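For reference, the structure discussed in these notes is given below.
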Amino acid sequence: MKKEVTQAIEAFNLGKLVAIPTETVYGLSAPINNPKLIERIFKLKERPFFDPLIVHVSSIDEAKKWCGKWPELAQKLAEKFWPGPLTLVLPKNDKVSDMITSGLQTVGIRCPNHPLSLEFIKELGIPLAAPSANKFGKTSPTHIDHVKSEFNSSDVYFLDGGESQVGIESTIIQINDDKVIFLRKGAITPSMIKPYCDQFEFTIVEADPHKILAPGQIKHHYMPKIPLVLVKDKGNAFENAKAASTLCGIDINLGRELVLSEDPSMAARILYSEMRNTCADGVEFIYFVFKQQWSESELWTAILDRLTRASSFIG
Ligand code: TXA
Ligand code: MG
């Protein structure tokens, strides 16, 4: 066993939480059978108890042990996309506590694609409940330094697994009797899932924005420490900066552009670290210019979802 995995297991015995690397973002974890530590996640994160946690497993067989139902579609999707950035919301069984699911009768479950965390879960012998390792509503961490900037080593053991390669949180889908509801967009897109839904005669539906099915999907989320302004492409850099500064009422000279990549996979990977880096000293607002042609891309749509929730102003 790796030394840091042994230390991470020991950290739970000492009453600490463990920050775990995943391919999406870092998680703040506790064993699902330890109510005291699960409660500690909500306290340290300042997260309301109505927002349920995702359960992280190391295999399909392990996932099945915590679900009340495991439809064939879940089996097929897990075989295809796990380990990977897809969370399945399914009926839970009695072994999963209400604190983890916020009283819902369903559980969100996924197998993360990171060797260190997979080894950790296997060695521990019990799944980990883990939200993203950031204070509630703030920008998600894609590097261990991001986690260290918000939590203390007296509360959290830091498992360093390098930079998260996907960079945005997992896709979340709820599997009902004949419907697959998209609760959160991510790197696993509707068109990747559709062939499996067709095979088992499930229809894909978007979550109704007026009904909160995934309680964490609130309007203000992922927010950087200074205002982010989202502007539609208006041609040139000065026009864009001016539009952004007018919207937030701050002098144009105090703004800085958040620059990502034209390639959506790369843009997703660097999104949160660039959001943090752009908020340098002396900068009072940051702005991002969204190009119209990107709205055709499913992955850009998932990135835009984060940027929209992170923004204070949209123009
Ligand atoms: O990529 C990810 O999913 C990361 C890594 C650490 O795995 N985790 C993550 O967790 O993003 P968190 O807590 O920041 O977001 C989880 C979302 C919340 O919005 C919550 O509402 C939703 O998952 N969720 C969890 N269980 C659910 C359930 N039973 N039904 C509906 N939504 C659920
Ligand atoms: Mg989160």
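The values are calculated or read from the model by the stated rules, or taken from the named source; none is laboratory data. Small disclaimer: the values here were computed from a predicted structure and weren't measured. Heads up, the Cβs are rebuilt from the backbone with ideal geometry, glycines too, and the neighbour counts pull from every protein chain shown.
If you go through region 293-315 one residue at a time, how many are among the hydroxyl-bearing types (Ser, Thr, Tyr) and assigned to a helix (DSSP H, G or I)?
Taking region 293-315 as the starting set, the residues that turn out to be among the hydroxyl-bearing types (Ser, Thr, Tyr) are 295, 297, 301, 308, 311-312.
Filter once more, so that each one left must be assigned to a helix (DSSP H, G or I): 295, 301, 308.
Matching residues across region 293-315 total 3.
Which of (1) touching a residue at least 12 places away in the same chain (Cβ under 8 Å); (2) farther than 29 Å from residue 77 by Cα; (3) not hydroxyl-bearing (Ser, Thr, Tyr) does residue 152 not meet, given it meets every other one?
Looking at each condition in turn, residue 152 falls short on (1).
Filter region 135-161 for residues that are under 17 Å from the mean Cα position of the chain (by Cα), modelled with pLDDT of 95 or more and among the small types (Gly, Ala, Ser) and give the result.
Hits for region 135-161 are 140, 161.
List the number of the failed condition for residue 129; all other conditions in (1) farther than 27 Å from residue 227 by Cα; (2) in the same structural domain as residue 97 (by TED's automatic domain parsing); (3) away from ligand 2 (no atom under 16 Å from the Cβ) hold.
(3)
Every residue in region 92-143 that is touching a Ser or Thr at 6+ places or on another chain (Cβ under 6 Å), assigned to a loop (DSSP other than H, G, I, E, B) and aliphatic (A, V, I, L, M), please.
Across region 92-143, the qualifying residue is only 130.
Conditions tested, residue by residue: (1) surrounded by 14 or more Cβ atoms within 10 Å (Cβ to Cβ); (2) under 24 Å from residue 165 (Cβ atoms).
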{"position": "227", "(1), (2)": "yes, no"}
{"position": "240", "(1), (2)": "yes, no"}
{"position": "249", "(1), (2)": "no, no"}
{"position": "282", "(1), (2)": "no, no"}
{"position": "295", "(1), (2)": "no, no"}
{"position": "306", "(1), (2)": "yes, yes"}
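Can residue 69 be described as outside any loop (DSSP other than H, G, I, E, B), more than 16 Å from ligand 2 (Cβ to nearest atom) and among the charged types (D, E, K, R)?
Considered against the rule, which asks whether it is outside any loop (DSSP other than H, G, I, E, B), more than 16 Å from ligand 2 (Cβ to nearest atom) and among the charged types (D, E, K, R), residue 69 comes out as no.
From the list 6, 87, 106, exactly one residue is at pLDDT 95 or above, in contact with a Pro (Cβ under 8 Å, 6 or more places away or on another chain) and among the hydroxyl-bearing types (Ser, Thr, Tyr). Which is it? Explain how you work it out, then say what you get.
On the way: 6 fails: in contact with a Pro (Cβ under 8 Å, 6 or more places away or on another chain); 87 fails: in contact with a Pro (Cβ under 8 Å, 6 or more places away or on another chain).
Within the list 6, 87, 106, the selection yields 106.
Any residue in region 81-95 that is assigned by TED's automatic domain parsing to the domain that holds residue 143, more than 16 Å from ligand 2 (Cβ to nearest atom) and more than 30 Å from residue 198 (Cβ to Cβ)?
Yes: region 81-95 contains one or more residues that are assigned by TED's automatic domain parsing to the domain that holds residue 143, more than 16 Å from ligand 2 (Cβ to nearest atom) and more than 30 Å from residue 198 (Cβ to Cβ).
Could you please let me know if residue 183 is crowded, with 16+ Cβ neighbours inside 10 Å, within 13 Å of ligand 1 (Cβ to nearest atom) and part of a helix (DSSP H, G or I)?
No; evaluated as a whole, the condition is false for this residue.
Can you name every residue in region 16-45 that is in a loop (DSSP other than H, G, I, E, B), within 21 Å of residue 153 (Cα to Cα) and within 16 Å of ligand 2 (Cβ to nearest atom)?
Result: 21, 22, 25, 26.
Check region 203-213 and report whether any residue there is without any contact (Cβ under 8 Å) to a residue 24 or more places away in the chain, of a type in the set (A, V, I, L, M, F, W, C), out of contact with any strand residue (DSSP E or B) (no Cβ under 8 Å at 6 or more places or on another chain) and surrounded by fewer than 21 Cβ atoms within 10 Å (Cβ to Cβ).
The answer is yes, given that some residue of region 203-213 is without any contact (Cβ under 8 Å) to a residue 24 or more places away in the chain, of a type in the set (A, V, I, L, M, F, W, C), out of contact with any strand residue (DSSP E or B) (no Cβ under 8 Å at 6 or more places or on another chain) and surrounded by fewer than 21 Cβ atoms within 10 Å (Cβ to Cβ).
Does region 140-153 contain at least one residue that is more than 12 Å from ligand 1 (Cβ to nearest atom) and within 30 Å of residue 95 (Cβ to Cβ)?
Within region 140-153, one or more residues are more than 12 Å from ligand 1 (Cβ to nearest atom) and within 30 Å of residue 95 (Cβ to Cβ).
Would region 46-54 turn up any residue that is buried (at least 21 other Cβ atoms within 10 Å of the Cβ), at pLDDT 95 or above and assigned to a strand (DSSP E or B)? Lay out the reasoning, then the answer.
So the first thing to find is which residues in region 46-54 are buried (at least 21 other Cβ atoms within 10 Å of the Cβ), and the list is 52-54.
From what's left, at pLDDT 95 or above: 52-54.
Checking which are assigned to a strand (DSSP E or B) leaves us with 54.
Yes, region 46-54 contains at least one residue that is buried (at least 21 other Cβ atoms within 10 Å of the Cβ), at pLDDT 95 or above and assigned to a strand (DSSP E or B).
Give the residue, chosen from 102, 58, that is more than 15 Å from the chain's Cα centre (by Cα), in the same structural domain as residue 23 (by TED's automatic domain parsing) and within 16 Å of ligand 2 (Cβ to nearest atom). Working first, answer last.
Working: 58 fails: within 16 Å of ligand 2 (Cβ to nearest atom).
Selected residue: 102, the only one of 102, 58 that is more than 15 Å from the chain's Cα centre (by Cα), in the same structural domain as residue 23 (by TED's automatic domain parsing) and within 16 Å of ligand 2 (Cβ to nearest atom).
Being in contact with a helix residue (DSSP H, G or I) (Cβ under 7 Å, 6 or more places away or on another chain) and within 14 Å of ligand 1 (Cβ to nearest atom) is the filter here, so list the residues in region 64-109 that pass it.
Those that are in contact with a helix residue (DSSP H, G or I) (Cβ under 7 Å, 6 or more places away or on another chain) and within 14 Å of ligand 1 (Cβ to nearest atom): 82, 83, 86, 88, 90, 92, 97, 99, 100, 107, 109.
Hey, among 135, 80, which residue is closer than 18 Å to residue 27 by Cα, basic (Lys, Arg) and touching a residue at least 24 places away in the same chain (Cβ under 8 Å)?
Numbers: 80 fails: closer than 18 Å to residue 27 by Cα.
Of 135, 80, the one residue that is closer than 18 Å to residue 27 by Cα, basic (Lys, Arg) and touching a residue at least 24 places away in the same chain (Cβ under 8 Å) is 135.
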